[in-house]
Structures are given as structure tokens and as C-alpha cells.
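Remarks on the structure that follows.
The values are calculated or read from the model by the stated rules, or taken from the named source; none is laboratory data. Predicted model, so just to flag it, every value in this text is computed and none were measured. Because the Cβ atoms are built from the backbone with ideal geometry, glycine has one as well, and the counts that use them run over all protein chains shown.
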Amino acid sequence: MFRYAPPGWSLSSARDTAREENLEFEETHLELICALQEFFARQGENTPINLLKLHDALEEKFHYKGGLKFLYAIMPRGPVAQGCRLAGLKVPPGAIDSSYGSVA
């Protein structure tokens, strides 16, 4: 299920991070974690993450559930920033912007 997981990442660490961030860890979080890990892996280690492309990819992948609106409901601190922390990924620059309601 987590074939794109970064080295050292585990489901247990994701659950610990979710608990620290007061999230009730559910199957939908796992779907987002997998999507983020795959997106980052396909971009390559040395390629900067394009937030617009990432948001578009997440919107498309989760469209059937409500897209980004749904993702913000399950990740209130931002699906990219909070999702990356759960997925064991480095949060891309610009993903944390309190003026848009996404806070660390």
C-alpha cells in the first residue's frame, strides 16, 4: 500500500503525528498519505514541488469526495502541509500560508 513511502517512514509514525496534531486517524488520511507519497516520488528528489500542480492532482484524485474542500475538512491545517507531515515528507515552501487559512 505504501510503495512510495520515504525511507524511515512507518504507519505508526503517521498515527503518532496525527495524534500530536489532534486528528482522528482514518482511512481517508491513508488515501491522502499514499497520494502525497506517490506524487513526491514521481517528481523526483531534486525537483522542486509545484504547489499548483500538487493541488490540481489532489483535486482530481479526491474529486469524487469533494476535492480540496473535503481534504481541508479532514486536514484543517492544510492537506499539503499537514498531509506531508503525516506522510513523512518535507513540507514544500509556500504550503503554509496563514492568509489562506493553512497554518502550521
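The conditions are (1) in a loop (DSSP other than H, G, I, E, B); (2) modelled with pLDDT of 95 or more, and residue 91 fails exactly one of them. Which is it?
(2)
Taking helices (runs of 4 or more DSSP H) that do not extend beyond region 16-87, which have at least 3 residues that are without any contact (Cβ under 8 Å) to a residue 40 or more places away in the chain and surrounded by fewer than 14 Cβ atoms within 10 Å (Cβ to Cβ)? Steps first, answer last, please.
On the way: elements: 27-43, 51-61, 67-74, 81-87.
Hits in region 16-87: 51-61.
Every residue in region 3-15 that is without any contact (Cβ under 8 Å) to a residue 40 or more places away in the chain and either part of a helix (DSSP H, G or I) or surrounded by 14 or more Cβ atoms within 10 Å (Cβ to Cβ) (or both), please.
If the condition is that a residue be without any contact (Cβ under 8 Å) to a residue 40 or more places away in the chain and either part of a helix (DSSP H, G or I) or surrounded by 14 or more Cβ atoms within 10 Å (Cβ to Cβ) (or both), then 4, 11, 12, 15 are the ones that fit.
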